[in-house]
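A short write-up of the structure that comes next.
The values are calculated or read from the model by the stated rules, or taken from the named source; none is laboratory data. Just so we're clear, the structure is a prediction, and the values are computed from it rather than from any experiment. Note that each Cβ is placed from the backbone with ideal geometry, even for glycine, and that neighbours are counted across all protein chains shown.
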Amino acid sequence: MDLIVSEKAIAGERIAELLADSAVKHKIVAGARVFEFSWKGNEIQLVPLRGHISDVEYPKKYANWRGVDVRELINPEVIVYSEKELAIINAIKELAPNAENFIVATDADREGEAIGLEAITYAQSTNKNLGIKRAYFSAIAKEDIDKSFNSLEKFDYNFAYSANARREIDLIWGAVLTRFLSIVSGQIGKDFLSVGRVQTPTLALVVDREKERLAFISKKYWEIVAHCEKSKMAFEAMHQEEKFWDKEKALAVFNKNPKTAIVKKAEKKVRVLKKPVPFNTTEFLRAATAIGFSAGRAMDVAEHLYQRGFTSYPRTDNSTYPASLNLKEILNKIASVREIMDDVQKVLKQKEIIPSAGKETKDHPPIYPVAPVQKEALSPEEWRIYELICRRFLATLSEDAKTENTSVLLDAEGEPYIAKGQVILFAGWKAVYPYSELNETLLPKLEEGDVVRIEKLDMSEKETQPPGRYSQGSLIKLMEENNLGTKSTRPSIIQKLYFRRYISGNKSIEPSKVAFAVIDSLEKHCGTVTKPEMTAKLEQEMDEVAAGKMKQREVVDKSCADLKQVMDLLFKNKESVALELRMALRFSDIMGKCACGGNFVTRRGKTGKRFVGCSSYPNCTVTYPLPQKGIIVPLNEYCPECKAPIIQVKNGRFKYKMCLTMTCVTKKDWVKKDATVATAVKTPEKKPEESKAVEVVKSAPVKEEKPVELKKEKKAPKPRAPRSKKSASEVGNEAGK
């Protein structure tokens, strides 16, 4: 008997169905689901995993944040690998003694190898004589699965060790830095300050861009456009100078007010627009975020399509199709998809089908469609991602687009104006890839010596703009360029920054005040934590582990030595760090202005319950209660009735607006109009491009705590150790990436 493990249940069932010579049976072993089937006369049992079945963590004795010196955590010897999925682990242990071969069929990447090693370890605990083999594939399709299982390879232990090195390093860095900054700032419990090996340099990129924007000084300039006409066809021509930095000079040109212009030169050029290269992970995510997906959601959907056998593996650096990939066969397969069948036929009718090529690597092929699926068989999100992948595949096999571009130089009262036109000669790949528009700008026939009429001049005042904020797609590209994270982890790192409220916005990422406080303090006292160089160096060393040139423990020990130096600096400047963070965090969540002139800020009472109080306390004792669950978002709005701040509360999928005054008349109106008292309104599912902050103005008020009476205290009570539901390892893993 052979025993197979897959990374997820959906992938395992698909693999079983593709391999099976007969029906696939389902059974429960030790509480876990198992697939049974026969393949080429062999009895097969397949256990689907749920990703990692072991946790990397610290022992419970390190759980007390205040009771343990964070420097004690800089020790890889104390890290343990604990059982996470007991039912699956027990099933592997129970089935292994009867197996002859153990086949790892997890995702063919670094993380998949580490997951496979966990399963191997548990299987060998009950059968040391197991033959260990590996099935590598890039698509869960019949041809790919048969090929991989007919030519099983050796398991790559070094590849798995490199992934485990990253897990240990991320845990250590995340736990140590997160605890230190959270404790010294007093920001513990659920609102701890998350810091990580990759997360923090990534956040620093966002903060540094925002600093560039804040430091940017706009400069005024003026543009002059001539509205022209010839042969009853209107067109525009811009003054050749484009930007006038001197208003007087612009006015002198504008006041000439010419009525005609003479064509001095007309040039035409044919421009070739090269077709795009195939999707690697980074380019796929950039394209998906451009059509409204978050990077994390796009990757989740692509992963699901891969597991169902519709598209290839979505984590790859490769942007060149391998010679072994039968491109025409794939075209013929997806020709049955109704929404794209006409465009597929356009490609098939070409004289030659020559794919574009980008960067070639030795890992998985680029992302491409594997099997046809109709729109109604997928969710709206799945269809949009599937169509994007299909159309990118078609674009890479299409012909280059061509345009005719015209540039005309006009003379009007001695002033030069330029008119530009563009005509599509051949749409090529643009015809099958609507995500990249190709527009035409038509001009009348213009030849040297022609006279055109100028109907009017427009002079407009404009300002130079600061550099734009990063989008998720551009941030992922920047992370790749700086070797921050991997193609697998980058989307989840960005999601963590959103979750910890360090950043907001989707198409335009904006850092919060807390993000500024954390990055500013670290840059001042220990800049290496915020720079990508150290993280990039660690990534290179982990590649050395994968290549067998370094040992896992060697890399982890070197990383711990670097962290010790970092902590020496932070402890040396502990008081300064604490003061800077506390001052910044005190005003990080300003809810609005108080009538006394102070700011309303979020605070916590003796019991730990949060409320809004005036920053001018004790001179001003105005307070408002807050809901004790959910994320509070200031809206810079005020109630038209009581003038109190209006906030938005986000709790999971629920989102609602409310006035802070518990007895406000607006809430009574809400109760009359909506009988569902003390309920929040669920945000409806929306298409990604339509997703906006939802305002629920008729929701009934949520249950609120009574206003907290502010009293003067002679001495602050000694803070207790945080009673967080998160373990030390969970915090470390969350922050470390």
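Every residue, every condition in (1) over 29 Å from the mean Cα position of the chain (by Cα); (2) surrounded by fewer than 19 Cβ atoms within 10 Å (Cβ to Cβ), yes or no:
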position: 397; (1), (2): no, no
position: 405; (1), (2): yes, yes
position: 428; (1), (2): yes, no
position: 439; (1), (2): yes, yes
position: 453; (1), (2): yes, yes
Problem set entry | Output for segment 260-292, where each listed residue is in contact with a strand residue (DSSP E or B) (Cβ under 6 Å, 6 or more places away or on another chain) and within 20 Å of residue 478 (Cα to Cα) | 279, 284
Problem set entry | Test: residue in segment 97-105 that is touching a residue at least 40 places away in the same chain (Cβ under 8 Å) and in a loop (DSSP other than H, G, I, E, B) | yes
Seminar exercise, completed: Quick count over segment 20-43, residues being more than 21 Å from residue 146 (Cβ to Cβ) and assigned to a strand (DSSP E or B), is 7
Exercise. Applying the selection to segment 76-124, what residues are over 36 Å from the mean Cα position of the chain (by Cα) and either within 22 Å of residue 552 (Cα to Cα) or not assigned by TED's automatic domain parsing to the domain that holds residue 42 (or both)?
Worked result: 124
For this session: Restrict the check to segment 539-556 and report whether at least one residue is surrounded by 20 or more Cβ atoms within 10 Å (Cβ to Cβ), in a helix (DSSP H, G or I), under 28 Å from the mean Cα position of the chain (by Cα) and among the polar types (S, T, N, Q).
Result: no
Exercise. Residue 172: within 30 Å of residue 606 (Cβ to Cβ) and touching a residue at least 24 places away in the same chain (Cβ under 8 Å), yes or no?
Worked result: no
Seminar exercise, completed: With the first residue restricted to segment 521-534 and required to be assigned by TED's automatic domain parsing to the domain that holds residue 572, and the second required to be among the hydrophobic types (A, V, I, L, M, F, W, C) and not in a helix (DSSP H, G or I), Cβ contacts under 6 Å at 6 or more apart or on different chains are 532/484
Exercise. (1) assigned to a loop (DSSP other than H, G, I, E, B); (2) over 18 Å from residue 647 (Cβ atoms); (3) at pLDDT below 85: which one isn't true of residue 584, the others all being true?
Worked result: (1)
For this session: Hey, can you tell me all the residues within segment 484-502 that are closer than 11 Å to residue 202 by Cα and out of contact with any Lys or Arg (no Cβ under 9 Å at 6 or more places or on another chain)?
Result: 490, 494, 497
Exercise. Which of the following residues is surrounded by fewer than 17 Cβ atoms within 10 Å (Cβ to Cβ) and in contact with a Pro (Cβ under 6 Å, 6 or more places away or on another chain): 236, 212, 229?
Worked result: 212
Problem set entry | Selected residue [over 30 Å from residue 182 (Cβ atoms), part of a loop (DSSP other than H, G, I, E, B) and touching a residue at least 24 places away in the same chain (Cβ under 8 Å)] from 119, 123, 91, 108 | 108
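List the strands (runs of 3 or more DSSP E) that sit entirely inside segment 130-240 and contain at least 1 residues that are among the basic types (Lys, Arg) and under 30 Å from residue 255 (Cα atoms). Before the answer, list the steps.
Details: elements: 131-134, 220-230, 233-239.
In segment 130-240, the matching strands (runs of 3 or more DSSP E) lie at 220-230.
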Exercise. What about residue 153, is it closer than 24 Å to residue 565 by Cα and surrounded by fewer than 24 Cβ atoms within 10 Å (Cβ to Cβ)?
Worked result: no
For this session: For segment 474-490, indicate whether the set of residues that are at positive phi and either polar (S, T, N, Q) or in contact with a Cys (Cβ under 6 Å, 6 or more places away or on another chain) (or both) is non-empty.
Result: yes
For this session: Could you please find all residues in segment 169-205 being surrounded by fewer than 22 Cβ atoms within 10 Å (Cβ to Cβ) and either outside the structural domain of residue 538 (by TED's automatic domain parsing) or of a type in the set (Asp, Glu) (or both)?
Result: 191
Seminar exercise, completed: So the helices (runs of 4 or more DSSP H) completely within segment 288-406 holding 2 or more residues that are of a type in the set (Gly, Ala, Ser) and more than 23 Å from residue 430 (Cα to Cα) are 295-307
Problem set entry | Matching residues, segment 587-598, being surrounded by fewer than 18 Cβ atoms within 10 Å (Cβ to Cβ) and at pLDDT 80 or above | 593, 595, 596, 597, 598
Seminar exercise, completed: Among 540, 552, the single one that is out of contact with any strand residue (DSSP E or B) (no Cβ under 8 Å at 6 or more places or on another chain), in the same structural domain as residue 497 (by TED's automatic domain parsing), modelled with pLDDT under 90 and under 29 Å from residue 161 (Cβ atoms) is 540
Problem set entry | Conditions (1) crowded, with 23+ Cβ neighbours inside 10 Å; (2) on the phi < 0 side of the Ramachandran plot; (3) not aromatic (Phe, Trp, Tyr): number failed by residue 520 | (1)
Exercise. What are the residue pairs meeting all of these: first residue in segment 334-347, first residue touching a residue at least 40 places away in the same chain (Cβ under 8 Å) and more than 13 Å from residue 433 (Cα to Cα), second residue assigned to a helix (DSSP H, G or I) and among the aliphatic types (A, V, I, L, M), Cβ atoms under 9 Å, and 6 or more apart or on different chains?
Worked result: 334/340; 334/341; 334/344; 334/394; 337/344
Problem set entry | Any hit, segment 381-394, residues being loosely packed, with under 13 Cβ neighbours inside 10 Å, out of contact with any Gly (no Cβ under 8 Å at 6 or more places or on another chain) and either within 20 Å of residue 137 (Cα to Cα) or in the same structural domain as residue 286 (by TED's automatic domain parsing) (or both) | no
